[in-house]
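A quick write-up on the structure given underneath.
The values are calculated or read from the model by the stated rules, or taken from the named source; none is laboratory data. The structure displayed is predicted, hence computed values, not measured ones. For neighbour counting, all protein chains shown are included, and Cβ atoms are generated from backbone atoms with ideal geometry for every residue, glycine included. Surface areas here come from the heavy atoms of the whole protein model, side chains and all, with no ligands, DNA or RNA. Shrake-Rupley method; radii C 1.70, N 1.55, O 1.52, S 1.80 Å.
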Amino acid sequence: MNSLSFYIKLGFEHISDFAGYDHMLFLVALCAIYRIQQWKSILILVTAFTIGHSVTLVLSSLDILIIQSNIIEFLIPITIFLTALNNVIGSNSKEKKSKMNKNYVMALFFGFIHGMGFSNYFKALLMDSSSITLPLLGFNIGIELGQIIVVFFIVSVAYLFLNKLKVRHRDWNVFVSGAAAGISLVFILENKIW
């Protein structure tokens, strides 16, 4: 069996690989409505997403949950589109706490779907299926570290535009969310399942 650091490295490389641009695009859409000053909320949001995909990694590794990969490849861009749409439409909500709770639940649920996207890769890593604890822990730590770095980059770029270039937050949100929605629509059309 490989070491914990081996699985951490694999999880980190999996999330930071530019071939996984759909996951990075989801993180961009997820963070578009936040400012760098809201880093605690962002961290909780990304952790909710990680919890969601951790659950599906366990379920799929144990062959409890099996969904065809073409369905997952279709659903992942839908999560990006819905997140981007929520950023623009849902940003008018006056109740901040209610909006945050909705975003956490959405990130958790969409994490389930994205976890299915990770599951085939993760299952291929498992040489000995008798114990998934160490591989799952390491892989998730690696993914979480990678996501935190990607999110830090995203909010740093947002900080530059919002604070240094004085772009209005609403304009930033609409631009980034609109771009994410447009790209995700292309992915949806490419991965149609009918």
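Think of segment 31-104 as a dipole: +1 on every Lys or Arg Cβ, -1 on every Asp or Glu Cβ, centred on the Cα centre; then among 47, 64, 87, 87 lies furthest on the positive end. Stretched out straight at 0.36 nm per residue, the stretch from residue 40 to residue 3 would grow longer than its current Cα-Cα span by 10.2 nm.
Between residue 149 and residue 169, the FRET efficiency estimated from the beta carbon spacing at R0 = 22 angstrom works out to 0.40. List the residue ranges in the chain for DSSP H helices whose C-alpha atoms run 27 angstrom or more along the long axis and whose Kyte-Doolittle average is 1.0 or above. Result, helices passing both filters: 39-61, 69-89, 133-159. The equivalent ellipsoid that matches the C-alpha gyration tensor of segment 36-194 spans semi-axes of 30, 19, 14 angstrom, in descending order. Given +1 at the Cβ of Lys and Arg, -1 at the Cβ of Asp and Glu and no other charges, the dipole of segment 21-109 around its Cα centre is 640 debye to the nearest 20. For residue 121 and residue 161, FRET efficiency with R0 = 41 Å and r from the beta-carbon atoms, rounded to 0.05? Between residue 161 and residue 121 the formula returns 0.75. Charged side chains reduced to their Cβ positions (Lys and Arg at +1, Asp and Glu at -1) give the chain a dipole of some 1080 debye around its Cα centre. When the surface is traced with a 1.4 Å probe over the full set of protein chains, residue 112 keeps roughly 70 Å² accessible.
Evaluated over segment 5-135, the count of Lys pairs having alpha-carbon atoms less than 24 Å apart is 7 (only pairs 8 or more residues apart or interchain). Summed over the residues of the chain and divided among them, the accessible surface reaches 53 Å² per residue at a probe radius of 1.4 Å. The heavy atoms of residue 30 offer some 10 square angstrom of accessible surface to a 1.4 angstrom probe. Of the solvent-accessible surface of the chain, computed with a 1.4 Å probe and all protein chains present, 69% belongs to carbon and sulfur.
Split the chain at each of the trypsin sites (Lys or Arg not before Pro) in a DSSP loop with at most 16 other beta carbon atoms within 10 Å, and the longest piece is 95-165.
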